[in-house]
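**Q** One structure coming up, written as structure tokens, with questions to follow.
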Amino acid sequence: MGLTTAVVVETAAQMLDERDGEGVNVASLAERLGVKPPSLYKHVDGMPGLRRGVMLRAKAELAEALGRAAIGKARDDAVRSAAMAYREWATAHPAQYRMAMRAPVSGDHEDEDVSATLVEVLYTILSGYRIAEEDLVDAARFFRATLHGFVDLETTGAFQLPRSLERSYERSIASLTSALHSWGEP
């Protein structure tokens, strides 16, 4: 059948997004893949292993999307492109997005590595602002909190006022870049 761990995890990730995180289990995944549930245990360690696999994949995909968006750009252009990619990826993959926002599990080297990659992408995006090394963690947290706050509220349906979400997001990004300029070294 060509069933691999990657295929199992990718299919589970798609199902999670389609169902907004609900109703995905080993039985429903096996049905989607056209196999019996025991066949999946060769590839994942039950639901905990499946969730972990999707989370690792989601973090890696988000890091790749942000990095790809910022390639060849600097400062405001890099932040704007990454912010747009962030929102696009998060709204296209709402259940995976929630999983990607989790801090790495201590001692899980794969999770620590993929999470570190995501942080390094953010540091690279922020590097054009010449932010002091001791302030870089704060700047990355500010970047993430700004984007996450907007995207989380948007994806949960909290923005109901009659104002363009695009305009609001653009203004959030403009405020973010303005603030980052003030953090940079003179």
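The values are calculated or read from the model by the stated rules, or taken from the named source; none is laboratory data. Everything numeric in this text was worked out from a predicted model, so none of it was measured. Note that we place each Cβ from the backbone using ideal geometry, even for glycine, and neighbour counts take in every protein chain shown. Each accessible area value is taken on the protein alone, full model and side chains, heavy atoms only, with ligands, DNA and RNA left out. Shrake-Rupley method; radii C 1.70, N 1.55, O 1.52, S 1.80 Å.
**Q** Pick from Ala82, Ala60, Ala27: which residue has the top mean-square fluctuation in a GNM of the chain where Cα pairs under 10 Å get a spring?
**A** Ala27
**Q** Further question: Normalising by the residue count of the chain, find the relative contact order in percent from Cα pairs under 8 Å and 6+ residues apart. Walk me through the numbers on the way to the answer.
**A** On the way: 168 pairs, mean separation 37.6, N = 186.
It comes to 20 percent, rounded to a whole number.
**Q** A follow-up question, please. How much FRET efficiency would the formula 1/(1 + (r/R0)^6) give for Asn25 and Ala74, where r is the Cβ-Cβ distance and R0 is 41 Å, rounded to 0.05?
**A** Details: r = 45 Å, r/R0 = 1.10.
The value I calculate is 0.35.
**Q** Tilt of helix 5-18 relative to the longest C-alpha principal axis of the chain, in degrees (0 to 90, nearest 10)?
**A** 70 degrees
**Q** So what J values fall out for region 100-110 if you push phi through Karplus, 6.51 cos²θ - 1.76 cosθ + 1.60 with θ = phi - 60°, rounded to Hz, Gly and Pro as x?
**A** 6, 7, 6, 5, x, 6, 4, x, 8, 4, 5
**Q** Helix 46-70 sits at what angle to the longest principal axis of the chain, using alpha carbons and giving 0 to 90 degrees rounded to 10?
**A** 30 degrees
**Q** Can I ask one more? What ³J(HN,Hα) values, in whole Hz, does the Karplus curve 6.51 cos²θ - 1.76 cosθ + 1.60 give for region 88-94 when θ = phi - 60°, with x put for Gly and Pro?
**A** Each residue of region 88-94 in turn: 4, 5, 5, 6, 7, 10, x Hz.
**Q** On C-alpha positions alone, give me the angle between the axis of helix 133-155 and the longest principal axis of the chain, in degrees, nearest 10.
**A** Approximately 60 degrees, to the nearest ten.
**Q** Considering only protein heavy atoms and a 1.4 Å probe, what is the carbon-and-sulfur percentage of the accessible area of region 1-77? Could the numbers behind the result be given before it?
**A** Working: 2180 of 4160 Å².
About 52 percent, which is the carbon plus sulfur part of the accessible surface.
**Q** Counting alpha carbon pairs within less than 8 Å and at least 6 residues apart, what relative contact order, in whole percent, applies to region 24-109? Can you show the working numbers first?
**A** Numbers: 55 pairs, mean separation 20.3, N = 86.
Result for region 24-109 is 24 percent.
**Q** Which residue, Gly184, Leu165, Val105, has the largest displacement toward the positive end of the dipole of the chain when charges sit on each Cβ (Lys, Arg +1; Asp, Glu -1)?
**A** Selected residue: Leu165.
**Q** Okay, moving on. Need the list of aspartates and glutamates near Lys73 for cross-linking: C-alpha distance under 19 angstrom, and skip anything on the same chain fewer than eight residues off.
**A** In chain and number order, the partners are Glu64, Glu88, Glu120, Glu170.
**Q** Follow-up question, since we're still on this one. Quick check for you: with a 1.4 Å probe and neighbouring chains kept, what is the accessible area per residue of region 71-157, in Å²?
**A** The answer is 52 Å² per residue.
**Q** Report the relative contact order of region 50-98, percent, no decimals, based on alpha-carbon pairs under 8 angstrom and at least 6 residues apart.
**A** Values: 29 pairs, mean separation 17.9, N = 49.
Relative contact order, region 50-98: 37 percent.
**Q** Report, to the nearest whole %, how much of the accessible area of region 102-163 belongs to carbon and sulfur atoms, 1.4 Å probe, protein only. Could you put the intermediate results ahead of the total?
**A** Numbers: 2080 of 3880 Å².
Ligands and nucleic acids excluded, carbon and sulfur reach 53 percent.
**Q** Between (i) 1.15; (ii) 0.94; (iii) 0.98, which matches Cα Rg over 2.2 N^0.38 Å calculated for the structure shown?
**A** For Cα Rg over 2.2 N^0.38 Å, the calculated option is (i).
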